[in-house]
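The values are calculated or read from the model by the stated rules, or taken from the named source; none is laboratory data. Small disclaimer: the values here were computed from a predicted structure and weren't measured. Glycine gets a Cβ as well: all are built from the backbone with ideal geometry, and neighbour counts include every protein chain shown.
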Amino acid sequence: MTKKKPIFTLLIVLLAMIVAAGCGASNAKNEEGTNEGQASTTENAVTYPITIKHMKGETVVEKRPERVAAADFVVLEHMFALDRSPVATGNYDTAKGFPIYQPYLEKYPDIIALSSDYSTPLNYEKLLESDPDLIIAYDWANIDYDKASKIAPTIVIDSKLNGGYTDGKDAFSYGLEQIATAIDAKDAYAAFTKKFNDQVAATKKIIEDKGLTGKTVLFLMAGEKTNYVYDINFYYEKFGLAPVKELHQNEKIAGGIDLETLVKANPDLLFLAEDYTNRTGAVEKLKANEAFKQIAAAKNGQVYDIDTAAFGPTAVGKMYGVEWIGKIIAEQAK
């Protein structure tokens, strides 16, 4: 009996090791899958059911959503920022118009298009067919809340709470956090926010090192006849840059400015974007104009191309903006 006891004990130890190894592999698999939409295992994990307060009232989300429908392009790109993808989205062609979203659309090729752009209404039949367990929209999507709510629990985000061009906010954090809370992606939200804030600080340092603090900057979307000013306080305030006084918070320029007004504005730095709805080469045509070449930014070699995604209330787009501004200034500024 005494001789058998050590063998029996060894078997128990081996069995325990096997079980432990199996549990460890299982845990590792779960952690590895977090970025693919698995539930968070940290203190940020959401406990369901959860009540989300939003523009239209309150919506109870009973369980962790696995099939989210985005009613508009900004919700779509917010989900990309959280390393998630909706099963369907409005404004699909709008997203396709921005080069920076192509890698996401290639990664998630099965997204159902509910509308092409902001001028076309949502296709509620396709929304129903997409079988969502949660629908998320910004207020500008003009979603029929009652109709959508009959399909799945629906959340409508108030865009004003995000901030806008004039108050210096990033114009995405509130909405992104609300989406992250609803879909149990608060870990991804925290990681994105940290990376974003770190990049803002890094770009500000580059601008300071290049001696550009206080310089006037203009963000412009070029058109064939009219150029549209994006008066973005976020970039001014975070990077220590100055707006062009004559154009700053000037409601009269809502319809855009002509070349003569641009020349008079004479910014030190100019970020030029192509009209994402109608790419006709307007940026290159503007650069080739002899009057344009007299602008201080053109003379100093500080005219920079940029994607219009950096101008809007976007998360991936604004991340691109702060990264690109830092990168291009570091490479080209004198």
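Odds and ends about this structure:
- Residue in the stretch 280-287 that is surrounded by fewer than 12 Cβ atoms within 10 Å (Cβ to Cβ) and either under 28 Å from Tyr118 (Cα atoms) or outside the structural domain of Trp324 (by TED's automatic domain parsing) (or both) present: yes
- Residue-level analysis places Asn233 outside the set of residues that are touching a residue at least 24 places away in the same chain (Cβ under 8 Å), surrounded by fewer than 19 Cβ atoms within 10 Å (Cβ to Cβ) and either over 26 Å from the mean Cα position of the chain (by Cα) or over 28 Å from Phe73 (Cα atoms) (or both).
- Pairing residues of the stretch 120-142 that are over 28 Å from Glu177 (Cβ atoms) and in the same structural domain as Ser85 (by TED's automatic domain parsing) with residues that are of a type in the set (A, V, I, L, M, F, W, C) and assigned to a helix (DSSP H, G or I), at Cβ distances under 7 Å and at least 6 apart in sequence or on separate chains, gives Leu128/Ile151.
- Total residues in the stretch 98-116, condition among the hydrophobic types (A, V, I, L, M, F, W, C), surrounded by fewer than 18 Cβ atoms within 10 Å (Cβ to Cβ) and more than 19 Å from Thr277 (Cα to Cα): 1
- Checking the stated criteria, Ser130 turns out not to satisfy the condition of being touching a Gly at 6+ places or on another chain (Cβ under 9 Å), among the small types (Gly, Ala, Ser) and buried (at least 16 other Cβ atoms within 10 Å of the Cβ).
- Set Asp187, Asp170: member being in a loop (DSSP other than H, G, I, E, B) and among the acidic types (Asp, Glu): Asp170
- In summary, helices (runs of 4 or more DSSP H) completely within the stretch 257-334 and bearing 1 or more residues that are at pLDDT 95 or above, touching a helix residue (DSSP H, G or I) at 6+ places or on another chain (Cβ under 9 Å) and charged (D, E, K, R) occur at 282-288, 296-299, 316-332.
- Pairs, first in contact (Cβ under 8 Å) with a residue 40 or more places away in the chain and within 17 Å of Asp139 (Cα to Cα) in the stretch 175-195, second surrounded by 22 or more Cβ atoms within 10 Å (Cβ to Cβ) and small (Gly, Ala, Ser), C-beta under 6 Å, six or more apart: Leu176/Ala315
- Entry remark, the stretch 233-256: residues being part of a helix (DSSP H, G or I) and aliphatic (A, V, I, L, M) number 1 in total.
- For Thr226, the criteria (1) at pLDDT 95 or above; (2) more than 30 Å from Arg84 (Cβ to Cβ) hold in every case but one, which is (1).
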